[in-house]
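The values are calculated or read from the model by the stated rules, or taken from the named source; none is laboratory data. For clarity, every value in this text was computed on a predicted model and none was experimentally measured. Cβ coordinates were reconstructed from backbone atoms using ideal geometry, including for glycine residues, and neighbour counts include every protein chain displayed.
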Amino acid sequence: MKLHAFILALGLAAALSAPMALAQQPIVIKFSHVVAPNTPKGKAADYFKQLAEERTRGAVKVEVYPNSQLYKDHEEMEALNVGAVQMLAPSLAKFGPLGVRAFELFDLPYIFPNKETLYRVMDGEIGTRLFSMLEPRGILGLAYWDNGFKQMSANKPLRSVADFKNLKMRVQSSKVLEAQMKALGARPQVMAFSDVYSKLRQGVVDGTENPMSNLYTQKMHEVQKHLTLSDHGYLGYAVIVNKHFWDGLPADIRVTLNKAMADATQYERDIAQKENEESLAAVRRAGTTQIHVLPYKDRILWHQALLPVHKEFEDKIGRDLIQAVYKVAAQVEKEKVGAAKTPAPKDKPGPSPSR
Ligand code: SIN
């Protein structure tokens, strides 16, 4: 009798501990991206991992796979779709092949005169509208991450528009970026990010464009003799998840992860500019690449050559979206002018400076 009770108790204990053991299995989020860990995106992915794991007390485990270790550009979206990974942060230029061409808005040359305009676009109605276009494809947009303005590089100086003639320039998978290179007289070559360094080294392509942090961490400066600080376009990211996976998370976990993502986003935006400045300084120190600053008169000519790309893509991106960005830029400009005109508060009266 006693033995029977003991076996029953054992059975009960086993039955009770089984769900606990199951509950202790962490929820795994595989977060794949294509850049180096020491870039704004790489650092923020690691920071998100830290926050998510700490704040869920280990109920969530985030596995970050940088540098295209798991998937290259064109493979990542499919991996997200089939649930092989749960989180990605592709550049905004990489949504076109999914059929969401409106994201190419971010690729239009010179569309963002400054970061204030960019953040208002990302965090406002336009950013929300773009994310809503992903949902029918089973994708949920969680955040927009920053990188920075792009610089042009090649093995010859790129000062005037004529310098681009017939150069094979690597671009991301965006029709706008192809059109941009064509407008400069170059021949665009679409290629995965992970292949750029080797193709530059082999001379398969002559040049490329990227923010400094990507250029430096991929060692592109070792195979590019010239760099023009042109700031002609923008590169940023959308952090996305598989919607089915995200919606299936326990509600409290989802709330915690959303907050961790918001904090990681703030961190990412705070470090992006500094990372790019440090990368530029590192490229200067390396001494392999001559750095050209685009004088104002040439900048105007680049503008003139590239602005027609906006018109060319009105139908594909949406005229209303493009106009909405112009409106935000004008508002930011107006506020800046207003702020510059507002007199600074008077200093406290004090003794006149001695002569
Ligand atoms: C990235 O920053 O994610 C890659 C950008 C590129 O493909 O040039």
**Complete:** Within segment 178-198, the residues that are of a type in the set (Lys, Arg) and buried (at least 18 other Cβ atoms within 10 Å of the Cβ) are none
**Prompt:** Among (1) closer than 19 Å to residue 74 by Cβ; (2) small (Gly, Ala, Ser); (3) surrounded by fewer than 24 Cβ atoms within 10 Å (Cβ to Cβ), which single condition is residue 160 missing?
**Reply:** (1)
**Message:** With the requirement that a residue be in a loop (DSSP other than H, G, I, E, B), within 11 Å of the ligand (Cβ to nearest atom) and closer than 10 Å to residue 153 by Cβ, what does segment 186-241 give you?
**Reply:** none
**Looking only at segment 248-257, and only at residues there that are surrounded by fewer than 24 Cβ atoms within 10 Å (Cβ to Cβ) and in contact (Cβ under 8 Å) with a residue 24 or more places away in the chain, the one that is nearest to the chain's Cα centre (by Cα)** = 256
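Could you tell me whether residue 153 is over 30 Å from residue 87 (Cβ atoms), touching a Leu at 6+ places or on another chain (Cβ under 8 Å), modelled with pLDDT of 95 or more and surrounded by 22 or more Cβ atoms within 10 Å (Cβ to Cβ)? Spell out the reasoning first.
Numbers: over 30 Å from residue 87 (Cβ atoms): yes; touching a Leu at 6+ places or on another chain (Cβ under 8 Å): yes; modelled with pLDDT of 95 or more: yes; surrounded by 22 or more Cβ atoms within 10 Å (Cβ to Cβ): yes.
Judged against the criteria, residue 153 is a match.
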**Asked** Taking residue 176, is it within 16 Å of the ligand (Cβ to nearest atom) and in a helix (DSSP H, G or I)?
**Response** yes
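Give me the helices (runs of 4 or more DSSP H) completely within segment 40-140, filtered to those with at least 2 residues that are among the hydroxyl-bearing types (Ser, Thr, Tyr), within 17 Å of the chain's Cα centre (by Cα) and away from the ligand (no atom under 14 Å from the Cβ), ordered by residue number. Lay out the reasoning, then the answer.
Numbers: elements: 40-55, 73-82, 115-123, 125-132.
Here the list reads 115-123.
Quick one: would you say residue 201 is surrounded by fewer than 21 Cβ atoms within 10 Å (Cβ to Cβ) and touching a strand residue (DSSP E or B) at 6+ places or on another chain (Cβ under 7 Å)? So that I can check it myself, show each step before the final result.
On the way: surrounded by fewer than 21 Cβ atoms within 10 Å (Cβ to Cβ): yes; touching a strand residue (DSSP E or B) at 6+ places or on another chain (Cβ under 7 Å): no.
Against the criterion (surrounded by fewer than 21 Cβ atoms within 10 Å (Cβ to Cβ) and touching a strand residue (DSSP E or B) at 6+ places or on another chain (Cβ under 7 Å)), residue 201 does not qualify.
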**Fill in**
The number of residues in segment 36-54 that are out of contact with any Phe, Trp or Tyr (no Cβ under 9 Å at 6 or more places or on another chain) and among the charged types (D, E, K, R) is 3
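Taking the residues in segment 270-297 that are of a type in the set (Val, Ile, Thr) and assigned to a helix (DSSP H, G or I) as candidates, determine which candidate is nearest to the chain's Cα centre (by Cα).
My answer is 271.
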**Prompt:** Which condition number does residue 260 fail, the rest of (1) surrounded by 22 or more Cβ atoms within 10 Å (Cβ to Cβ); (2) outside any helix (DSSP H, G or I) being met?
**Reply:** (2)
